[in-house]
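The values are calculated or read from the model by the stated rules, or taken from the named source; none is laboratory data. None of these values were measured; they are calculated from a predicted model. FYI the Cβ positions are ideal-geometry reconstructions off the backbone, even for glycines, and counts take in every protein chain you see. Just so you know, the surface numbers come from the protein's heavy atoms only, side chains and all, with ligands and any DNA or RNA stripped out. Shrake-Rupley method; radii C 1.70, N 1.55, O 1.52, S 1.80 Å.
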Amino acid sequence: MSALIDVILPVFLVIGFGYAAARAGLIGDVAVDGIMRFAQNFAVPCLLFSSIARLDLAANYDLGLFASFYAGAFTGFGLGFAGARYLARRPLEDCVAIGFACLFSNSLLLGLPITERAYGHEALAANYAIISIHSPLLYGFGITFMELVRSHGLGLSKPRLARQVVRAIFSQPLVIGISLGFLVNLSGLALPGALSAAVDMMSRAALPTALFGLGGVLLRYRPEGDMKLIGMIAALSLIVHPTVAWLLGRHVFGLDTAQIRSAVVTAAMAPGVNAYLFSNVYGVAKRVTASAVLIATAVSILTIWFWLQLLP
């Protein structure tokens, strides 16, 4: 019970403050959007830049870690796509969006603060390793898959598809922050003291601001749509993904304690808001993915507690 109260509840209370403030009209949609733009376009990229620039790549880039986490993610995508297609009889484009919601866990806004509160700041190295390829890999996969479905497989060799995928990935501030962090890390450059201090100040604002803004954003989502599909997305995200990460990390790849904690906790997060944004861009399965983000985030309070009790 202490993990629920001391680790999980503070994170969700910050989200709840944002939700309550937006619901009471203390901040409007424009203010919420401004908070999220600051967090996602400036503060969080600074956090990722700083963390990747200082990350010991040789020690933390582990194929077993990546395989454990991403095998679970792609298992969720495959099962979500198949369930939407063969059980719910949804169009193929809807199936891709629903599968993407099962694929894209909230590794950053929820995974980082919960891991930090549970195990300390020094436990975040494997989280940052996972996050460093999370958006490029999963967005690249999702966009490519959706474009192929929309073009009926005819666009595979077209340069336009490749350009669209690369442009979509590297126009994201998060990816820019990660890329610049790699540049500094691999080059061995040292940032001037004043610049490093400024980046650290921005980084400290990243997670509380993003969590508060996330609460305001969640107010916009209404639980509606096919509840069976919503339940399937929640189950695949909160149960199947971390289960695969746990089994592979512990019994196949022999990850150490810190790696298993990071892989499983990150895998146990609800779908991120980006899952809905992906649906919104393509105009498909918006009600299902929006509701899944909201409901799975609420349910994850209990499922995260379960995984924290299970982990060493």
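Over the range 47-191, what is the relative contact order in percent, taking alpha-carbon pairs closer than 8 angstrom and at least six residues apart? The normalised contact order for the range 47-191 reaches 36 percent. Measuring with a 1.4 angstrom probe and ignoring ligands and nucleic acids, Tyr128 comes out at about 20 Å² accessible. Here the alpha carbons of the range 143-274 define both size measures, Rg and Dmax, at 19.8, 54 Å. Ranking of Phe81, Phe145 by solvent-accessible surface, largest first: Phe145, Phe81 (1.4 Å probe, protein heavy atoms only, all chains present). The charge dipole of the chain, taken about the Cα centre with unit charges on the Cβ atoms of Lys, Arg (+1) and Asp, Glu (-1), comes to about 820 debye, rounded to the nearest 20. Ranking of Lys286, Lys228 by solvent-accessible surface, largest first: Lys228, Lys286 (1.4 Å probe, protein heavy atoms only, all chains present). When nucleic acids and ligands are ignored and a 1.4 Å probe is applied, Arg163 ends up with an accessible area of around 140 Å².
Can you tell me how the range 199-243 classifies by the Cα gyration tensor, rounded, prolate or oblate, using a/c under 1.5 as the rounded cut? Taking the square roots of the gyration eigenvalues as a ≥ b ≥ c, the range 199-243 is oblate. Accessible area of Val252 (1.4 Å probe, protein heavy atoms only, ligands and nucleic acids ignored): about 100 Å². Accessible area per residue for the range 157-304, computed on protein heavy atoms with a 1.4 Å probe, is 45 Å².
Give me Rg/Rg_expected for the range 8-64, where Rg uses Cα atoms only and Rg_expected = 2.2 N^0.38 Å with N residues.
Values: Rg = 16.6 Å, N = 57, 2.2 N^0.38 = 10.2 Å.
So the range 8-64 has a normalised radius of gyration of 1.62.
Kirkwood analysis of the range 108-210, using all unique Cα-Cα pairs, places the hydrodynamic radius at 16.2 Å.
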